[in-house]
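Coordinate-derived values only; no laboratory data. Note that this is a predicted model, so its numbers are computed, not measured. Note that we place each Cβ from the backbone using ideal geometry, even for glycine, and neighbour counts take in every protein chain shown.
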Amino acid sequence: MKSNSNLEKLLASGKFAVTSELGPPKGTDVAAIEKKAGYLKGKVDAVNITDNQTAIVRMSSIATSKILIDLGLEPVMQMVSRDRNRLAMQSDLFGAYALGIRNVLCLTGDHQKFGNHPQAKGVFDLDSIQMLKMVKAMRDEGKVLCGDEISGGFEMFIGAAANPFGDPFVARVPRLAKKAEAGADFIQTQCIFDMDRFSKWLAGAVDRGLDKKVHILAGVTPLKSAGMANYMNKNVAGINVPEEIIERLKGVAKEKQADEGIKICVEQIQQIKEMKGISGIHLMAIEWEHRVPEILELAGLLPRPVV
Amino acid sequence: MILAERKPLAEIIELIGDARKVLVLGCGTCVTVCFAGGSKEVGILASQLRMAASKAGKELEVVEETIERQCEDEFFEGVKEKISDADVVLSLACGVGVQTIAELFPEVVPLPGVNTTSFGRPVEPGVFVEYCAGCGDCLLALTAGICPIARCSKSLLNGPCGGSENGRCEVDPENIPCAWHMIYERLEKLGRLDWLDKISEAKDWSSSASGGVRIDIREDLREIKLES
């Protein structure tokens, strides 16, 4: 075992994993974290704690992760290189480890232009792949990037993201291969709506044997309404919601669209479960944590196995 | 070339303040080519300042001059007097030019009339694009001659992020092409996509602005000076 995290043990045992996501509050409201965590406790294997997602200032992912541990949940601490240079990243990783965090997701992060401080200086000292390599060397060689030895242990289960829907498509499998080589133990993908393109990407990954090198968790997001589907399709680069899904949501009455969105999500999960090369799902119910148990129940993924 | 764009007129008028005599000093090199601070722009700005002053009922004498290069001492020879005579010197050169004035004329407070933006080139009439970030450790040989440090909004070194769509960068799809998309397209045509399989290691930024003020010392040229 590299980290002994619940997520690692579960994936190593070959069980189908379920991770979810919790966005920290835009302030110090710990009760909001406790409320969201309450919906997820015992329902998922680990919970991603986002790091200033979409470049909006929120409580730090380290602190929120620690609060989650105290509540009895396992966090996957996200860390973006947009806001930290290599010194800050490594020192924060030491701190995270000391606080009991055992899963980390290495990301470059959304550009600061999209957040609430577009005037900020973006750091981008390392990209996500260089960051993965650094974290792996911290764990496996006990060294920080410059080669100095680390005092104490650093057992971390290392994750990365993949976006099969970004362009150019020809770059997407090689980029996954690079992340696997750099040190990713698991991958969580961007939300999947376009199943055809996802299947094509996955086939390319399986062809290169990448599913044997990294555990691939497929990203799914329940759509709350036709409006949300339209918005994501138009405004979020790298997310493509096929017309048929938007039409299907439009086809039901407004107050029933949320339920229809959940139905679509459950169908997607069932489809994904059957795919070769998939080790689990990453369910991103954006500000909809309370509906996670219901989705997982309908998808036949509850109760969660204990390892 | 060094790219710059002229500051808004209102900002320039505020910078000039109560000065009675202003020298608008253009530069005949980079800023002339990018239409920000050459003799033509000096003329336009001088007229605008005169009109604004007369409209505001202020007395303002505007002197116009353009020298070949404001980044080298010898080109200032012919304008020394005009610089000393003016209450303020408004330089339309890049930041290097403005600072050269400060260095050569201790009694003068030079004012910047342009915002210096980057190193780049005109790609079509009226469109100037940043191409080089001056990182001090050129890696263009690895990326088919397209710089991801200057031309990728996140300066990524290992391929495109998820925000690349139809060849455009999500930061400003209308104006910014995705540098990594271009790199892939070029290497695909060259049959060299395998170049991108290798992980690009953490960059040593000490040769960039992160390493402190950059100074090139050329001993060979120093010796020539001593000999002569």
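For region A:222-293, what does the relative contact order come out to in percent, with C-alpha contacts under 8 Å and a separation of six or more? Reported as a whole number, the value is 32 percent.
Rounded to the nearest whole Hz, the Karplus-based 3J(HN,Hα) values (6.51 cos²θ - 1.76 cosθ + 1.60, θ = phi - 60°) of region B:61-78 follow the sequence 9, 10, 9, 10, 8, 9, 10, 4, 8, 8, 9, 10, 3, 4, 6, 7, 3, x, with x at glycine and proline. When only Cα pairs below 8 angstrom with a gap of at least 6 residues are kept, region B:2-118 shows a relative contact order of 36 percent. Assuming charge only on the beta carbon of Lys and Arg (+1) and of Asp and Glu (-1), the dipole of the protein assembly as shown about its Cα centre is about 1900 debye to the nearest 20. Which of rounded, prolate, oblate describes region A:130-236, given a ≥ b ≥ c as roots of the alpha-carbon gyration tensor eigenvalues and a/c under 1.5 marking rounded, otherwise prolate only if a/b is larger than b/c? Prolate is the answer for region A:130-236, as a/c is 1.5 or above and a/b outweighs b/c. Using a cut-off of 20 Å between Cα atoms, the listed pairs A:36/A:136; A:136/A:200; A:136/A:178; A:224/A:256 include A:36/A:136; A:136/A:200 as exceeding that distance.
Close amide-amide hydrogen proximity is noted between residue A:283 and A:19, A:20, A:220, each under 5 Å apart and 5 or more residues distant or on a separate chain (H modeled in the peptide plane; Pro and chain starts excluded). Shown for A:211, B:216, A:127: other C-beta atoms within 10 Å of each C-beta, ranked fewest to most, produce the order B:216, A:211, A:127.
Working note: Cα atoms of the protein assembly as shown, range along each principal axis, descending, whole Å: 86, 61, 50. The relative contact order of chain B, computed from alpha carbon pairs under 8 Å that lie at least 6 residues apart in sequence, is 17 percent.
Lysine pair count for region B:1-155 with Cα-Cα distance under 23 Å and sequence separation of 8 or more or different chains is 14. Less than 17 Å from a label point 7 Å out along the Cα-to-Cβ axis of residue B:15: which backbone N atoms in region B:116-134 qualify, by residue? Answer for region B:116-134: B:116-118. Dipole magnitude for chain A: computed about the Cα centre from +1 point charges on Lys and Arg Cβ and -1 point charges on Asp and Glu Cβ, it is near 200 debye.
Testing the spin-label approximation: label points 7 Å from Cα along Cα→Cβ at residue B:210 and residue A:298. State their distance in nm. My value for the distance between the label points is 4.7 nm.
Decide, for chain A, between rounded, prolate and oblate: order the square roots of the alpha carbon gyration tensor eigenvalues as a ≥ b ≥ c, take rounded if a/c falls under 1.5, and otherwise choose prolate if a/b is larger than b/c, else oblate. Here chain A falls in the rounded category. In this structure, the amide hydrogen of residue A:162, modeled 1.01 Å from its nitrogen in the peptide plane, lies closer than 5 angstrom to those of A:188, A:189, A:190, counting only residues at least 5 positions away or on a different chain. Whole-Hz Karplus values for region A:220-235 come out as 10, 9, x, 8, 7, 6, 5, x, 5, 4, 4, 4, 5, 4, 7, 9 Hz, taken residue by residue from phi with 6.51 cos²θ - 1.76 cosθ + 1.60 and θ = phi - 60°; glycine and proline positions read x. Think of the protein assembly as shown as having a plus end and a minus end, set by charges on the Cβ of Lys, Arg, Asp and Glu; of B:109, B:163, A:225, A:225 sits farthest toward the positive end of this dipole.
Seen against the Cα atoms of chain B and their longest principal axis, helix B:179-189 is set at about 50 degrees. Adding -39500 (n - 2.57) for every DSSP H run of four residues or longer, then dividing by how many residues the protein assembly as shown holds, sets the calculated 222 nm ellipticity at -10500 deg cm²/dmol.
Amide H to amide H distances under 5 Å link residue A:215 with A:186, A:187, where only residues 5 or more positions off or on other chains count and H is placed in the peptide plane. Taking other C-beta atoms within 10 Å as the exposure proxy, A:139, B:186 rank B:186, A:139 from fewest upward.
Shape class for region A:1-105, computed from the alpha carbon gyration tensor (a ≥ b ≥ c): oblate, with a/c not under 1.5 and a/b at or below b/c. Look at the stretch B:214-224: the mean tally of other chain Cβ atoms within 10 Å of its residues' Cβ atoms is 0. The 3J(HN,Hα) values that the Karplus relation (6.51, -1.76, 1.60; θ = phi - 60°) gives for region B:145-151 are, in residue order, x, 10, 8, x, 6, 7, 10 Hz. Gly and Pro appear as x. Pairs from the table (A:2/A:43; A:41/A:250; A:113/A:234; A:41/A:212; A:15/A:143) lying more than 26 angstrom apart at Cα are A:41/A:250; A:41/A:212; A:15/A:143.
In terms of other Cβ atoms within 10 Å, A:210, B:92 run from fewest to most in the order A:210, B:92. Computed from label points 7 Å out along Cα-Cβ, the spacing between residue B:118 and residue A:149 is 4.5 nm.
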